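Notes follow once the structure below has been shown.
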Amino acid sequence: MIDPVNFYGETINSRLLIGTALYPSPQIMLDAIHASGSDIITLSLRRQSPKTQGGNHFWQTIKGLGKYLLPNTAGCHTAKEAITLAEMSRELFQTDWIKLEVIGDDYNLQPDPFATLEATKVLLNEGFKVFPYCTDDLVFCQKLFDAGCEVIMPWGSPIGTGKGLMNPYTLETIRHRLPQATLVVDAGLGIPSHAMQAMELGFDAILLNTAVAKANDPVMMANAFRSAVEGGRLAYLSGAMEEQNRANPSTTVLGTPFWQQTQS
Amino acid sequence: MSHSQHKPIAIVGAGLMGRLLAWRLLRQGYKVTLFDKDLSGRQSAGFIAAAMISPISEAMAADIGLYHEGKKNLSIWQQWLTELNQVAKQSIDFQFDGSLVVSHPQDKALFDRFTLKLNQLAIDTVDFAHCRPETREPELAHFAEAIELLPEGYIDNVALFSALKTVIDTLGGQWVEQCIDNTKEALPSDCSMVIDCRGMGAKKALPALRGVRGEILRVHAPEVTLHRPIRFLHPRYQLYIVPRPKSEYVIGATQLESEDTRQMTVRSALELLSALYSLHTGFAEAEIISFSAGLRPAFLDNLPKIQETSQGLSLNGFFRHGYLLSPMFIEQTIQRISATLLKTELTAC
């Protein structure tokens with residue numbers, strides 16, 4: 001069992017947040033969510049006709065899990081679209097949590113930093129608890145934090161690419177510079193070792209979807225990510241040794257002739 | 001007692017399942033009455049669909065079982081369509097000689113993944129082949145590579161619906177245009193069994209049933225010649241272009257977890273049209289025949305079920321697999337009907 005994490009005052013046991021898109025069937029989605037051990041489930045509304053409650057059956061299925069819901073604004077391209085959708089989702093799901101996603105580039109689904117920050121300020125002002133999806137740009141993250149976001153979610157790499165942490169250095173910098181923020185790596189992870197690497201860097205949690213949903217066996221992959229996130233967290237807490245160039249035998253070398261010692 | 005002496009079997013819902021079931025029952029000598037709010041069938045999921053039969057592609061997206069079951073169903077379809085064409089004296093266009101999978105250069109990773117997964121799922125190596133696309137479809141030479149999936153094809157479903165109507169009439173099936181909201185209240189009491197094939201119309205009776213929105217586009221493109229279904233690998237959708245007689249093509253389909261039945265959205269139209277244009281520039285001057293949207297009836301596992309009801313059976317939840325899985329489900333349904341009626345007779349004796 002790992003230590004819990006805090007999201008806007010809520011104590012959450014699992015450090016893995018999971019999405020609800022692209023699974024072969026809703027049943028496999030439910031089984032995968034269960035296997036992931038996640039307590040927070042993200043879901044998108046944009047293409048499911050929220051105005052006519054078109055996705056109601058699907059949303060009820062997800063609500064039935066009894067987990068924290070984190071509605072998202074996936075598919076929005078302007079601050080205005082995202083704000084409207086956030087307001088609709090607050091009404092539909094009775095939660096002031098919102099994963100804010102404002103896309104600036106359609107090809108790699110890169111967030112628009114300016115529109116994201118603009119929407120963040122409006123939504124925080126309206127009482128939302130904003131979980132902004134952002135790039136791994138330190139200044140962008142800093143400004144989101146300064147605006148009042150307690151949770152910040154930089155990407156590992158573009159959504160759905162499975163490339164893992166493209167730039168561990170920038171992520172590590174964000175961790176060092178924003179020690180008070182709850183930091184989540186959101187998007188771009190492909191395999192459990194990517195999640196583990198992010199957790200080892202000191203990130204508080206992982207949000208993913210495609211890596212599990214598109215695996216040949218999503219349920220088993222959800223399990224694998226769960227273990228990786230837990231392993232990464234424990235590794236971070238346990239304080240890793242420093243990497244060094246010179247091999248350092250773990251057994252004593254006393255009595256070994258000096259010419260063998262220098263070769264080692 | 002011969003089947004014709006039974007009271008008629010009421011089939012509620014005259015879409016793909018209702019029609020197929022009526023035909024197969026009638027040819028075994030049962031009496032059948034079909035009920036639907038719209039006997040043209042135009043509102044049914046099976047009519048709106050692109051009517052592809054693609055065991056490999058569907059297995060790749062969902063469950064390996066669809067590959068094995070789909071292949072068996074394909075051979076039944078072959079017999080059924082041959083028979084229908086003879087009996088109905090119509091020519092339903094169908095082609096089961098394979099489909100082609102291609103991808104844009106930027107989605108090469110998806111193509112490689114598709115190849116890898118064919119092996120991981122142990123798809124029989126005689127069922128697929130890597131090829132130069134122009135060796136199968138001469139007008140697709142601009143794609144670098146393709147995978148041919150052999151046990152796949154399509155049926156012209158508009159012609160199929162019409163042929164089934166003809167053959168049901170010929171065999172003495174009855175049609176009643178009536179909306180059956182509740183099968184217990186609305187049906188005549190002199191039927192032996194009620195088989196519920198209403199699809200989304202049965203939502204009240206089947207709370208676990210949900211609708212999955214699909215949007216589809218039909219065009220007339222005389223400048224394009226494609227013979228087989230072409231599947232485009234795309235990170236978010238299963239896009240395909242399916243030929244129809246007289247240079248028509250069906251392009252589908254979005255898959256949205258929504259029960260919204262409004263017309264197609266601009267975004268979906270843009271996605272389908274851009275897929276079409278990027279496959280073949282000859283589609284630029286094609287005439288758009290229709291944009292349609294419909295709901296696929298599905299259960300949580302996206303697999304169909306035959307369930308007992310107080311009046312008979314319910315056959316529902318075909319999701320995107322109506323054409324892929326229907327023949328064997330129809331045969332199983334008939335076996336269960338036959339067993340139930342026999343039991344009723346024995347009890348009566």
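The values are calculated or read from the model by the stated rules, or taken from the named source; none is laboratory data. The model shown is predicted, which means the values in this text are computed figures rather than measured ones. We place every Cβ from the backbone using ideal geometry, glycine too, and count neighbours over all the protein chains shown.
Table for the structure above
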quantity	calculated
Top-ranked residue in region B:106-130 [being in a helix (DSSP H, G or I) and either of a type in the set (Phe, Trp, Tyr) or more than 21 Å from B:Glu58 (Cα to Cα) (or both); ranked as farthest from the chain's Cα centre (by Cα)]	B:Gln106
Test: residue in region B:57-70 that is of a type in the set (Phe, Trp, Tyr) and under 17 Å from the mean Cα position of the chain (by Cα)	yes
Checklist (1) more than 10 Å from chain B (Cβ to nearest Cβ); (2) in contact with a Phe, Trp or Tyr (Cβ under 9 Å, 6 or more places away or on another chain) applied to A:Pro26, failing item	(1)
Count - residues of region A:134-186 that are of a type in the set (A, V, I, L, M, F, W, C), assigned to a loop (DSSP other than H, G, I, E, B) and farther than 17 Å from A:Ile98 by Cα	4
Test for B:Asp97: is it of a type in the set (Asp, Glu), within 14 Å of another protein chain (Cβ to nearest Cβ) and either closer than 21 Å to B:Ile241 by Cβ or not in a helix (DSSP H, G or I) (or both)	no
Filter result for the condition that a residue is facing another protein chain (nearest Cβ under 8 Å) and either touching a strand residue (DSSP E or B) at 6+ places or on another chain (Cβ under 7 Å) or buried (at least 23 other Cβ atoms within 10 Å of the Cβ) (or both), over A:Gly55, A:Gly19, A:Gly37	A:Gly55
In region A:58-87, residue nearest to the other protein chains (Cβ to nearest Cβ) [restricted to those that are of a type in the set (A, V, I, L, M) and within 12 Å of A:Phe128 (Cβ to Cβ)]	A:Leu85
Count - residues of region B:52-80 that are out of contact with any helix residue (DSSP H, G or I) (no Cβ under 8 Å at 6 or more places or on another chain) and closer than 23 Å to B:Val250 by Cα	4
Pairs, first more than 14 Å from chain A (Cβ to nearest Cβ) in region B:60-72, second hydroxyl-bearing (Ser, Thr, Tyr), C-beta under 9 Å, six or more apart	B:Gly70/B:Ser54
Test result for A:Thr11, more than 10 Å from chain B (Cβ to nearest Cβ) and closer than 23 Å to A:Gly104 by Cβ	no
Test: residue in region B:201-209 that is in contact (Cβ under 8 Å) with a residue 12 or more places away in the chain, in a loop (DSSP other than H, G, I, E, B), within 24 Å of B:Ile330 (Cβ to Cβ) and touching a Ser or Thr at 6+ places or on another chain (Cβ under 9 Å)	yes
Count of region B:199-219 residues which are farther than 12 Å from B:Gly252 by Cβ and under 16 Å from the mean Cα position of the chain (by Cα)	4
Region B:275-291 residues that are among the hydroxyl-bearing types (Ser, Thr, Tyr), paired with ones that are surrounded by 13 or more Cβ atoms within 10 Å (Cβ to Cβ) (beta carbon under 9 Å, 6 or more apart)	B:Tyr277/B:Phe283; B:Ser278/B:His104; B:Ser278/B:Phe232; B:Thr281/B:Glu223; B:Ser290/B:Ile216; B:Ser290/B:Leu217; B:Ser290/B:Arg218; B:Ser290/B:Val219
Residues of region B:131-183 classified as within 18 Å of B:Gln43 (Cβ to Cβ) and either aromatic (Phe, Trp, Tyr) or assigned to a loop (DSSP other than H, G, I, E, B) (or both), total	6
Hits in region B:110-146 (condition: among the hydroxyl-bearing types (Ser, Thr, Tyr) and within 14 Å of chain A (Cβ to nearest Cβ))	B:Thr115
From the options B:Met17, B:Met52, residue that is assigned by TED's automatic domain parsing to the domain that holds B:Ala339, closer than 21 Å to B:Ser290 by Cβ and within 17 Å of the chain's Cα centre (by Cα)	B:Met52
Single unsatisfied condition, A:Ser49 versus (1) of a type outside the set (Lys, Arg); (2) within 9 Å of chain B (Cβ to nearest Cβ); (3) over 20 Å from A:Leu109 (Cα atoms); (4) in contact with a helix residue (DSSP H, G or I) (Cβ under 8 Å, 6 or more places away or on another chain)	(4)
B:Thr254 being within 11 Å of chain A (Cβ to nearest Cβ) and more than 25 Å from A:Thr210 (Cα to Cα)	no
Which listed residue is within 14 Å of chain A (Cβ to nearest Cβ), basic (Lys, Arg) and assigned to a loop (DSSP other than H, G, I, E, B), from B:Arg213, B:Arg262, B:Arg267, B:Arg228	B:Arg262
Residue within region A:77-97 that is surrounded by fewer than 17 Cβ atoms within 10 Å (Cβ to Cβ), outside any helix (DSSP H, G or I) and either in contact with a Cys (Cβ under 8 Å, 6 or more places away or on another chain) or acidic (Asp, Glu) (or both) present	yes
Residues (surrounded by 23 or more Cβ atoms within 10 Å (Cβ to Cβ) and over 19 Å from the mean Cα position of the chain (by Cα)) located in region A:105-163	A:Ala119, A:Leu123
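Yes/no per residue for (1) of a type in the set (A, V, I, L, M, F, W, C); (2) at pLDDT 95 or above; (3) over 18 Å from B:Phe128 (Cβ atoms):
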| position | (1), (2), (3) |
| --- | --- |
| B:Trp23 | yes, yes, yes |
| B:Ser40 | no, no, yes |
| B:Ala45 | yes, no, yes |
| B:Ser57 | no, no, no |
| B:Ala61 | yes, no, no |
| B:Leu66 | yes, no, no |
| B:Ala88 | yes, no, yes |
| B:Asp97 | no, no, no |
| B:Arg113 | no, no, no |
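Residues checked against (1) surrounded by 19 or more Cβ atoms within 10 Å (Cβ to Cβ); (2) outside the structural domain of B:Ser57 (by TED's automatic domain parsing); (3) of a type in the set (S, T, N, Q):
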position	(1), (2), (3)
B:Val224	yes, yes, no
B:Ile241	yes, yes, no
B:Leu273	no, yes, no
B:Gly282	no, yes, no
B:Ile289	no, yes, no
B:Ser314	yes, no, yes
